Amino acid sequence: MEKIYDLIILGAGPAGLSAGLYAGRARLSTLIIEKGQDGGQIAITNEIENYPGQRVDVEESGPSLIARMTEQVKKFGADRVSDVIKSVELNGDVKTLVGNKGTYQAKTVILATGAFPRPIGCENEGRFVGKGISFCATCDANFFEDFEVFVVGGGDSAVEEAMYLTKFARKVTIIHRRDELRAAKSIQEKAFKNEKLHFMWDTVVESVGSTDGDDGMLNTMVVKNVKTGETTTINADEEDGLFGLFGFIGLLPKSDLFKGQVEMDDRGYIITDQDMHTNIPGVYAAGDVRVKSFRQVVTAAADGAIAEKQAEHYIANLK
């Protein structure tokens, strides 16, 4: 008979690793399943400055922070497997997850699959993520202090993040494919009063690049007017040598696998209570995949810890 774990954690980002750490220390038989590298979105962040307790005299990157989390989890003995889960059955006393490499069962499951930014959709985008392109102003605004920054989007998040960026960048330009913002009127009013905030209407980013070759930072891009079809090349100021391009056109939760079983909102985020319970007994969600107001490493780690403690209580009360 296949082993039935106390807990399976699906995803090894900050939420999943935090849950794994707590589960290991609680002596729960635990399996962490991750299809790729540990870390989720934070794995592509070059520098981190806002994680509590990190050393300030040593540069911290997403990969270095996650590497320490992974080693900490390993110390407490959680099993690990690299697999792509194709289907799940989360109802019932024993939860079943079927992957390419095997079938996994547990009494409880924590869904920590995360979310990912909706891509800007321009040519060469992937080459410059972390090298000028970012999807998190809170994470990366400091690195563009006194530089020029562009923001793609026109909704609440895009405009709010653009205003946040004006605290650091000398100039922020919102690039929006329409001729008016979609953000709430109250947000727009604040934005239009901000002297450092500028607007490029009816425009999309066609391609991005670097004049310094494959290893260079982002310093050139081509934008297109969607009404006239005219394209314009934008180059970084010579003294700067680079500019920032932030994408805020939405996140996409990694939750398709659970549709029809776990309750979600209209965007696909998993609905939980404050203790990470989903609508299914013994199933919890933590981190960016769940409905929440603030998505950061520190909040994901907290979610994971809370979810594990709830799973621990659930197991203790099983007959």
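When you go through Ile48, Ile33 one by one, which is the residue that is buried (at least 17 other Cβ atoms within 10 Å of the Cβ) and closer than 16 Å to Val289 by Cα? Every option except Ile33 fails the conditions.
Would you be able to say whether some residue in the range 208-215 is hydrophobic (A, V, I, L, M, F, W, C), in contact with a strand residue (DSSP E or B) (Cβ under 9 Å, 6 or more places away or on another chain), touching a residue at least 60 places away in the same chain (Cβ under 8 Å) and open to solvent by less than 10 Å² (accessible area, probe 1.4 Å)? For the range 208-215, residues hydrophobic (A, V, I, L, M, F, W, C), in contact with a strand residue (DSSP E or B) (Cβ under 9 Å, 6 or more places away or on another chain), touching a residue at least 60 places away in the same chain (Cβ under 8 Å) and open to solvent by less than 10 Å² (accessible area, probe 1.4 Å): present. Being of a type outside the set (S, T, N, Q) and touching a residue at least 40 places away in the same chain (Cβ under 8 Å) holds for only one residue in Gly53, Gly20, Gly62, Gly39, and it is Gly20.
Taken over the range 250-302, the criterion of being of a type outside the set (Val, Ile, Thr), in a strand (DSSP E or B), at pLDDT 95 or above and closer than 15 Å to Ala115 by Cβ is satisfied by Pro253, Met264, Ala285, Arg290. Before we move on, is Arg80 basic (Lys, Arg) and modelled with pLDDT of 95 or more? Criteria met by Arg80.
Scanning the range 193-200 for any residue that is farther than 30 Å from Ile306 by Cβ, in contact with a His (Cβ under 9 Å, 6 or more places away or on another chain) and not in a loop (DSSP other than H, G, I, E, B) turns up at least one such residue. Remark: pairs (first residue in the range 115-132, closer than 20 Å to Gly287 by Cβ; second residue open to solvent by 40 Å² or more (accessible area, probe 1.4 Å) and modelled with pLDDT of 95 or more; Cβ separation under 8 Å; 6+ apart in sequence or on different chains) = Ala115/Lys254; Phe116/Lys254. Leu10 passes every criterion in (1) open to solvent by 30 Å² or more (accessible area, probe 1.4 Å); (2) within 19 Å of Lys254 (Cα to Cα) apart from (1).
Each row is one residue, and each column tells you yes or no for (1) at negative phi; (2) open to solvent by less than 20 Å² (accessible area, probe 1.4 Å); (3) in contact (Cβ under 8 Å) with a residue 12 or more places away in the chain.
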{"residue": "Ser186", "(1), (2), (3)": "yes, no, no"}
{"residue": "Phe192", "(1), (2), (3)": "yes, no, no"}
{"residue": "Met221", "(1), (2), (3)": "yes, yes, yes"}
{"residue": "Glu238", "(1), (2), (3)": "yes, no, no"}
{"residue": "Leu245", "(1), (2), (3)": "yes, yes, yes"}
{"residue": "Phe248", "(1), (2), (3)": "yes, no, yes"}
{"residue": "Val262", "(1), (2), (3)": "yes, yes, yes"}
{"residue": "Ala286", "(1), (2), (3)": "yes, yes, yes"}
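Note on the range 251-260: residues that are under 13 Å from the mean Cα position of the chain (by Cα), open to solvent by 40 Å² or more (accessible area, probe 1.4 Å) and either within 30 Å of Thr166 (Cα to Cα) or among the aliphatic types (A, V, I, L, M) (or both) total 2. For the range 36-60, the set of residues classified as outside any loop (DSSP other than H, G, I, E, B) and within 22 Å of Asn100 (Cβ to Cβ) consists of Gly40, Ala43, listed by residue number.
Restricting attention to the range 41-97, the residues that are on the phi > 0 side of the Ramachandran plot and among the acidic types (Asp, Glu) total 0.
Let's see how each residue does on (1) under 19 Å from the mean Cα position of the chain (by Cα); (2) among the acidic types (Asp, Glu); (3) under 22 Å from Asp237 (Cβ atoms); (4) at pLDDT below 95:
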| position | (1), (2), (3), (4) |
| --- | --- |
| Thr103 | no, no, no, no |
| Arg118 | yes, no, no, yes |
| Gly121 | yes, no, no, no |
| Cys136 | yes, no, no, yes |
| Phe144 | no, no, yes, no |
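Scanning the range 57-95 for residues that are closer than 16 Å to Ile33 by Cα and either of a type in the set (A, V, I, L, M) or touching a Pro at 6+ places or on another chain (Cβ under 9 Å) (or both) turns up Ile66, Met69, Val73, Ala78, Val81, Val84, Ile85, Val88, Leu90.
Taking the range 116-157 as the range and being closer than 22 Å to Lys224 by Cβ, among the charged types (D, E, K, R) and open to solvent by 30 Å² or more (accessible area, probe 1.4 Å) as the test, the residues that pass are Arg118, Glu123, Arg127, Glu148.
The values are calculated or read from the model by the stated rules, or taken from the named source; none is laboratory data. Small disclaimer: the values here were computed from a predicted structure and weren't measured. Note that we place each Cβ from the backbone using ideal geometry, even for glycine, and neighbour counts take in every protein chain shown. Just so you know, the surface numbers come from the protein's heavy atoms only, side chains and all, with ligands and any DNA or RNA stripped out. Shrake-Rupley method; radii C 1.70, N 1.55, O 1.52, S 1.80 Å.
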